[in-house]
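Shown next, in structure tokens, is the structure this report addresses.
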Amino acid sequence: MASTLYSLLFLLSTLTLLHQPPLSAANLHSTAALFRSQPFSEPTSLPTADIPPTTFFEVTKPIPLPKTKPCSYLVLEHDFAYTYGKSPVLADYKPPTDCPSQNFARIVLEWTAACKGRQFDRIFGVWLGGVEILRSCTAEPRATGIVWTVKKDITRYYSLLMSNQTLAVYLGNLVDSTYTGVYHVNVSIHFYPADRSYGHSAVEYGELDNGYGFGSVADLILPISRTLPLNDGLWFEIENSTDVESKEFLIPQNVYRAVLEVYVSFHENDEFWFGNYPNEYISANNLTGVPGNGPFREVVVSLDGLVVGAVWPFTVIYTGGVNPLLWRPITAIGSFDLPSYDIEITPLLSKILDGKSHKLAFSVTNALNVWYIDANLHLWLDKGSDRTQGNLLEYSDSPLSLSLLSNFTGLDGLFITNILNQVIHFNGTVDAKTPSSSILSTNSLKKFTLDFYSDSIDKGNGTYDSVANVTLGIDATRQKTSKFGTSTSRLKNLQNGQGNMLVKGNLVVSGLGSTQQEYHYISDKSCYFRNICFLLTKLKTCDFLDALKIFD
């Protein structure tokens, strides 16, 4: 007997925007445009061949690995040049049958890329059998070249990785006489066999906690994404607040647990949705070309028309956003590995265990063009029976309560958006014969910090000064309770960046950028601390601390 209770509680959220006087409509428009990704060429006094490429990185804790030697495979090698609007790059994937051990404790995806020249940051995705396993953003290159690596724990996709699949990568890039950067990419997968210190494989899971909540990895993963062939990524595109994208699916009748993993990224007019102005402000000041709908967005997920969850996405800033000098070489939180969001839908299994097709749908409250959204449906199967049974005991969905408080005169003003006590609550039971299915619970609380300021001053002759300050952070606490006891973890990750530059045309005549970051993670099993700052004058690193400890 497995019983799952899922409730999602949204507390008070506020966002304030203070516009500094004096600003004209033209200056305001320029400031809004500066938030968007900007490619720049940087002057250098040395031949580019004499300067080594810069290594970009996102600060995060190392993936805990067993002490065994991995079986590593290069899955894809490709140069992404003129790929915008073309079909994803495909590769045949086969599981590692020649590895001495088929009992893996960790599986790691490694993305390594290099680029030289001038180019925008580009969003990209990696899919395996239609299941998205990585959403990321490229680094903005320099004339002297850059390199970067993303390593992601993909153990949760274990069942998918054990069979032949098609790997698809979409990175829409444009190359011409102005934007010259070509992304040279290698994609590898590393399989780490289990050892005694870990005790079990990822399938049995045991004491190796990867943070996915309830013990074992899923037996089956269904893609809730678009289907190849197509000339784009496999994600759905949400273009406005009334747009709804959906996909039908069919699950086996012996499922006893279901989790929907949602991937989200935001672009174009909503790349900086958290800084968008209220429509009444735009109208009162007769502004044009300024994104509106205010600074609140919510990704709503429904099952056969019933709301099952909502995501308030983390405010990821891409590598060229606000001011590119802020993110060299330390990129913004989440920019190289955009977070996915899990929604527990086990209590609703009774509604979809009938052997018929059902529909999952996605929309975004207040959305402007464009949001990229898809999902993976993780399913756990009862191997002791051909059919499980469930019952939805309770369901309630309170409507979104959103209010806007505004006080502005002309272009100067203050706006506060309040969202009060939104609750999606459901309770259900599932009968299963699998011995390991027991009552488990996971509670998490996440607080996002965002404070940014950006301004520009027209210096004439196509030259302007740009100033930007950003504070970006996340404070997340997680508690898991099972038959083995209770475990807790906490992550505090905070960035502060300051940047200014003098720009003429597309050339940075002079500039200064600095980033400070403190990363603290602690759990019952390990802790990791990193304190780093970077001053971008002559690439000087300062005040560095990096420490990892695994508890016995």
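Take the conditions surrounded by 13 or more Cβ atoms within 10 Å (Cβ to Cβ), touching a strand residue (DSSP E or B) at 6+ places or on another chain (Cβ under 9 Å) and modelled with pLDDT of 90 or more and apply them to residue 412. Does it pass?
yes
Report whether or not residue 396 is closer than 23 Å to residue 306 by Cβ and modelled with pLDDT under 90.
Judged against the criteria, residue 396 is a match.
Just a yes or no: is a residue in region 371-381 surrounded by fewer than 22 Cβ atoms within 10 Å (Cβ to Cβ), part of a loop (DSSP other than H, G, I, E, B) and not hydroxyl-bearing (Ser, Thr, Tyr)?
So far as region 371-381 goes, no, none of its residues is surrounded by fewer than 22 Cβ atoms within 10 Å (Cβ to Cβ), part of a loop (DSSP other than H, G, I, E, B) and not hydroxyl-bearing (Ser, Thr, Tyr).
Taking region 439-472 only, how many residues are of a type outside the set (S, T, N, Q), more than 17 Å from residue 503 (Cβ to Cβ) and in a strand (DSSP E or B)?
10
Among the residues of region 110-128, write down those that are of a type in the set (Gly, Ala, Ser), in a strand (DSSP E or B) and either touching a Leu at 6+ places or on another chain (Cβ under 6 Å) or more than 30 Å from residue 249 (Cα to Cα) (or both).
Selection gives 113, 114.
Somewhere in region 487-495, is a residue closer than 14 Å to residue 323 by Cβ and free of Cβ contacts under 8 Å to residues at least 40 places away in the same chain?
So far as region 487-495 goes, no, none of its residues is closer than 14 Å to residue 323 by Cβ and free of Cβ contacts under 8 Å to residues at least 40 places away in the same chain.
Scan region 129-151 for residues that are outside any loop (DSSP other than H, G, I, E, B) and in contact (Cβ under 8 Å) with a residue 40 or more places away in the chain and jot them down.
131, 132, 134, 135, 136, 137, 146, 147, 148, 149, 150, 151
I'm trying to understand the selection: among the residues of region 477-507, which are over 14 Å from residue 524 (Cβ atoms) and assigned to a loop (DSSP other than H, G, I, E, B)?
483, 505, 506
Out of curiosity, is residue 97 more than 18 Å from residue 186 (Cα to Cα), among the β-branched types (Val, Ile, Thr) and without any contact (Cβ under 8 Å) to a residue 12 or more places away in the chain?
Yes.
Evaluate the following for residue 277: is it touching a strand residue (DSSP E or B) at 6+ places or on another chain (Cβ under 6 Å), in contact (Cβ under 8 Å) with a residue 12 or more places away in the chain and in a loop (DSSP other than H, G, I, E, B)?
Spelling it out, it is not the case that residue 277 is touching a strand residue (DSSP E or B) at 6+ places or on another chain (Cβ under 6 Å), in contact (Cβ under 8 Å) with a residue 12 or more places away in the chain and in a loop (DSSP other than H, G, I, E, B).
Condition check: part of a loop (DSSP other than H, G, I, E, B), surrounded by fewer than 21 Cβ atoms within 10 Å (Cβ to Cβ), modelled with pLDDT under 95 and not basic (Lys, Arg). Does residue 385 satisfy that?
Answer is yes for this residue.
The values are calculated or read from the model by the stated rules, or taken from the named source; none is laboratory data. Keep in mind it's a predicted model, so treat the numbers as computed, not measured. Methodologically, a virtual Cβ is constructed for each residue, glycine included, from the backbone with ideal geometry; neighbour enumeration extends over all protein chains shown.
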